[in-house]
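> Supplied in structure tokens, the structure appears directly below.
The values are calculated or read from the model by the stated rules, or taken from the named source; none is laboratory data. Values in this document were obtained by computation on a predicted structure and should not be read as measured data. So basically every Cβ, Gly included, is an ideal-geometry build from the backbone, and we count neighbours across all protein chains shown. Only protein heavy atoms, including side chains, enter the accessible area calculation; ligands, DNA and RNA are left aside. Shrake-Rupley method; radii C 1.70, N 1.55, O 1.52, S 1.80 Å.
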Amino acid sequence: GVPYAFGLTLGTLLQSIFLDVLLVMSAPLARRMAPHLGKYGTAKMATAMAISLECGIVLMVPGVATLALAGLLSVPLGKMLIFGLIVIVPTIMISIAIMNFFIPRGLWKIEQDQESADDGESELAATDSDSSPAEAKDGLVDGHGTRVGLLPHQVHQGVARQAKEPPLILLFTPMLLALVLIASGAMLEMVGLSSPRMDFLSSPVIALLISLLGTSY
């Protein structure tokens with residue numbers, strides 16, 4: 001289920017304006033999860049990531065291709081968001097299922113299509129050897145041997161501060177509110193129940209402005 005969850009999350013909730021931005025952000029996560037999925041873990045995660053990134057950029061707001069298509073077709077972004085979601089979920093699920101069926105049946109050849117496991121182990125070993133005991137003590141190397149010393153604060157300090165932060169869902173509430181406003185305005189318009197006040201609040205510019213102010217606060 002991990003490739004499906006990963007693909008749907010990237011294609012819908014985490015969609016960014018530009019594909020390469022989301023690729024850079026998500027590739028390390030996919031690489032870390034792949035070894036836990038067995039022999040073809042890398043193939044399954046790479047497939048899920050490629051499918052979801054391409055589908056998301058075309059079908060989901062605020063992908064740049066989605067915005068371009070909505071402009072050319074004169075489709076409101078709220079409608080584009082709703083119908084894009086309806087199309088993208090089964091598309092990603094079916095596409096990943098098809099690829100997962102063919103991957104172990106000769107479509108993916110590990111010795112040709114990916115780095116050997118030894119390369120990854122050597123990289124981790126080199127990372128561990130480069131880390132001094134003081135760094136490990138200070139929490140600058142995580143449990144998987146990955147250096148995190150370039151973070152703006154040390155790990156143990158971040159953990160101490162994390163307990164004082166508000167819940168994660170509260171931090172995401174302004175962004176979710178913007179999506180709800182845009183989608184609600186589109187749905188009300190389709191059923192003929194729109195009003196001037198709702199049209200104003202559900203306009204993408206106003207909804208995103210509310211999200212921006214809430215997130216900044």
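> Tell me yes or no: at least one residue of the range 50-59 is in contact (Cβ under 8 Å) with a residue 12 or more places away in the chain and among the hydroxyl-bearing types (Ser, Thr, Tyr).
There is at least one residue in the range 50-59 that is in contact (Cβ under 8 Å) with a residue 12 or more places away in the chain and among the hydroxyl-bearing types (Ser, Thr, Tyr).
> Among (1) exposed (fewer than 13 other Cβ atoms within 10 Å of the Cβ); (2) modelled with pLDDT under 80; (3) not β-branched (Val, Ile, Thr), there is one condition Gly192 misses while meeting the rest; what is its number?
All conditions pass for Gly192, except number (2).
> Can you work out which of the residues in the range 24-40 that are aliphatic (A, V, I, L, M) and over 21 Å from Ala97 (Cα atoms) is nearest to the chain's Cα centre (by Cα)?
Going through the qualifying residues, I end up with Met25.
> Over 16 Å from the mean Cα position of the chain (by Cα), crowded, with 19+ Cβ neighbours inside 10 Å and closer than 27 Å to Glu189 by Cβ: which single residue out of Met60, Met80 fits that description?
So the residue among Met60, Met80 that is over 16 Å from the mean Cα position of the chain (by Cα), crowded, with 19+ Cβ neighbours inside 10 Å and closer than 27 Å to Glu189 by Cβ is Met80.
Per-residue answers, yes or no, for (1) hydroxyl-bearing (Ser, Thr, Tyr); (2) touching a residue at least 24 places away in the same chain (Cβ under 8 Å); (3) in contact with a Lys or Arg (Cβ under 6 Å, 6 or more places away or on another chain):
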{"site": "Val2", "(1), (2), (3)": "no, yes, no"}
{"site": "Ala5", "(1), (2), (3)": "no, no, no"}
{"site": "Thr12", "(1), (2), (3)": "yes, yes, no"}
{"site": "Ser16", "(1), (2), (3)": "yes, yes, no"}
{"site": "Leu22", "(1), (2), (3)": "no, yes, no"}
{"site": "Pro35", "(1), (2), (3)": "no, yes, no"}
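> Being touching a residue at least 60 places away in the same chain (Cβ under 8 Å) and of a type in the set (Gly, Ala, Ser) is the filter here; which residues of the range 185-213 pass it?
Scanning the range 185-213 gives Gly185, Ala186, Ser202.
Here is a yes/no grid of residues against (1) open to solvent by less than 70 Å² (accessible area, probe 1.4 Å); (2) over 30 Å from Tyr40 (Cβ atoms); (3) modelled with pLDDT of 80 or more:
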position: Ser116; (1), (2), (3): yes, no, no
position: Leu124; (1), (2), (3): no, no, no
position: Gln154; (1), (2), (3): yes, yes, no
position: Glu165; (1), (2), (3): no, yes, no
position: Leu213; (1), (2), (3): no, yes, yes
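> Now, a different point. Filter the range 5-50 down to residues that are over 21 Å from Gln112 (Cα atoms) and open to solvent by less than 60 Å² (accessible area, probe 1.4 Å), then give me how many there are.
Qualifying residue count, the range 5-50: 13.
> Give all pairs with beta carbons closer than 9 Å in which a residue from the range 102-128 that is outside the structural domain of His36 (by the TED database) and closer than 20 Å to Ala30 by Cα meets a residue that is modelled with pLDDT under 80 and among the hydroxyl-bearing types (Ser, Thr, Tyr); count only pairs at least 6 apart in sequence or on separate chains.
Every condition considered, the pairs that remain are Leu124/Thr146; Thr127/Thr146.
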